[in-house]
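First the structure, in the form of structure tokens, and then the observations on it.
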Amino acid sequence: MLVVLVALLLRKLDRGEARLLINKMVAIKPIVAEMHILMGQIDLNLIDMEVILEAITVWVLEMVIGLILLTETIHKNAPYGSQNGQGLKNVEWGSKTLAPFTKNFMFHILPLQVVLLLRDSKEITVVGDAPNPIQNFSETNFPDYVMQEISNQGYEFPTAIQAQGWPIAMSGQDMVGIARTGSGKTLAYTLPATVHINNQPQIRRGEGPIALILAPTRELAQQIQKVATDFGSATFIRNTCIFGGAPKGPQARDLERGVEICIATPGRLIDFLEKGTTNLERCTYLVLDEADRMLDMGFEPQIRKILSQIRPDRQTLMWSATWPKEVRKLAADFMSNPIQLNVGSMNLAANHNILQIIDICQEHEKETKLSSLLQEIGNSSELGSKILIFVETKKK
């Protein structure tokens, strides 16, 4: 009975986990041998034998329970994405017949002189055959449901990255966007994603997402999800946000039901792909947000493995605050003749759209000023707004 139970346990584990359990069992073997020797040396009556057999039975059950608990501990503490996707098989795309999909939703054409003036005024630089930028929302060919949500959100004019990024994304071309944080890039790829999705066949249960957005952190992923929810709810575009450090169950159920947009951190997505919870066969719109930061955090192996699971004729949009050689190499390997869009300087700089106030005070004034400032911000901010405070050390 014990052998059967242990065999069932080992079948559920991978090679490394099984080896760990076997080592635990080998450690118990000398104890069992000693018991056999001891029992052979003693003259036992029937009652004594029953007592010993009962004790052995209890001991065996405790050992099996211990093995089960050890199994659960192994799975619970296993790091997500720790294998860099080694469990994923490479897809032979050349042997597959890929269903065609629509990705070109071109904007109208502006006169060349207007285009040059607009790009110059907004510090827009493009490398490649880029479509003309737009001047206002009315020049887009966004559907009515998108325009209505833009109005509801209170947007008056597109930012520089949106003015040029939307036409590129809507033309179906690959793009590398270099822009600082706070430039409005999230809308620059989520609105075209909404249009792209609504022009594809409907997702069925068990199918993977149409749009995949990779982000380096859970915080950024959740911010992206909020924007995707705001602009996708009118057409019932479903999304899910998957990241490590949160229960896997709800995330897995979302993926199994089927979602049009998946916003994910690389490690947790790799974990779900390896387990077969989802797949990327339907993905035709890919976004890498803060690509430079993802590479700095060591996600390059996971990113490369994930991209290998997506059809090569997809549309890929890569966004980065800087343009180091590592990001250039990734773009060269996985993008097809991308248009490079740059807004402002390619060097890191403070965002001039953010108001920064420096208040110099004495050490003994800090607590009072901080309390007063937090109260002031709290009274003037929307419910649920957050404040980030940086300190020099963990201790005061």
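Starting at the first residue of the stretch 187-200, write each ³J(HN,Hα) from the Karplus equation 6.51 cos²θ - 1.76 cosθ + 1.60 with θ = phi - 60°, in whole Hz, x for Gly and Pro.
Values per residue, Gly and Pro as x: 5, 5, 10, 6, 5, x, 4, 4, 5, 4, 4, 6, 10, 10 Hz.
Rounded, prolate or oblate for the stretch 242-396? Axes are the square roots of the Cα gyration tensor eigenvalues, ordered a ≥ b ≥ c, and the cut-off for rounded is a/c under 1.5.
It comes out prolate by the Cα gyration axes.
For the charge dipole of the stretch 93-343, defined by +1 on Lys and Arg C-beta atoms and -1 on Asp and Glu C-beta atoms about the Cα centroid, which residue among 195, 259, 166 has the Cα displaced farthest towards the positive pole?
In the stretch 93-343, that residue is 259.
Stretched out fully, how many nm does the piece from residue 366 to residue 120 gain, at 0.36 nm a residue minus the Cα gap? Please list the in-between numbers first.
Working: separation 246, 0.36 × 246 = 88.56 nm, distance 4.45 nm.
Here the answer is 84.1 nm.
Given the peptides 176-187, 146-157, arrange them by the average over their residues of other C-beta atoms within 10 Å, most packed first.
176-187, 146-157
Mind ordering 250-258, 300-308 by average Cβ neighbours within 10 Å, highest first?
Listed from highest to lowest mean packing, they are 300-308, 250-258.
Mind sorting 213, 357, 377, 197 by how few other Cβ atoms lie within 10 Å of their own Cβ, fewest first?
357, 377, 197, 213
Could you tell me the relative contact order of the stretch 120-164? Use alpha-carbon pairs under 8 Å, at least six residues apart, and round to a whole percent.
60
Across 10 Å bins from the origin, how do the percents of Cα pairs in the stretch 93-343 run, short distances first?
All Cα pairs, binned at 10 Å, distribute as 7, 33, 38, 19, 3, 0 percent.
Arrange the peptides 224-236, 161-173, 326-338 so that the one whose residues have, on average, the most other Cβ atoms within 10 Å appears first.
161-173, 224-236, 326-338
Figure the gain on full extension for residue 387 and residue 359 (residue separation times 0.36 nm, minus the Cα-Cα span) and round it to one decimal in nm.
Gain on stretching residue 387 to residue 359: 8.4 nm.
Laboratory data are not the source of any read-out in this text; all were calculated from the coordinates shown. Quick caveat: nothing in here was measured; it's all calculated off a predicted structure. No Cβ is skipped: glycine too gets one built from the backbone with ideal geometry, and neighbour counts run over all protein chains shown.
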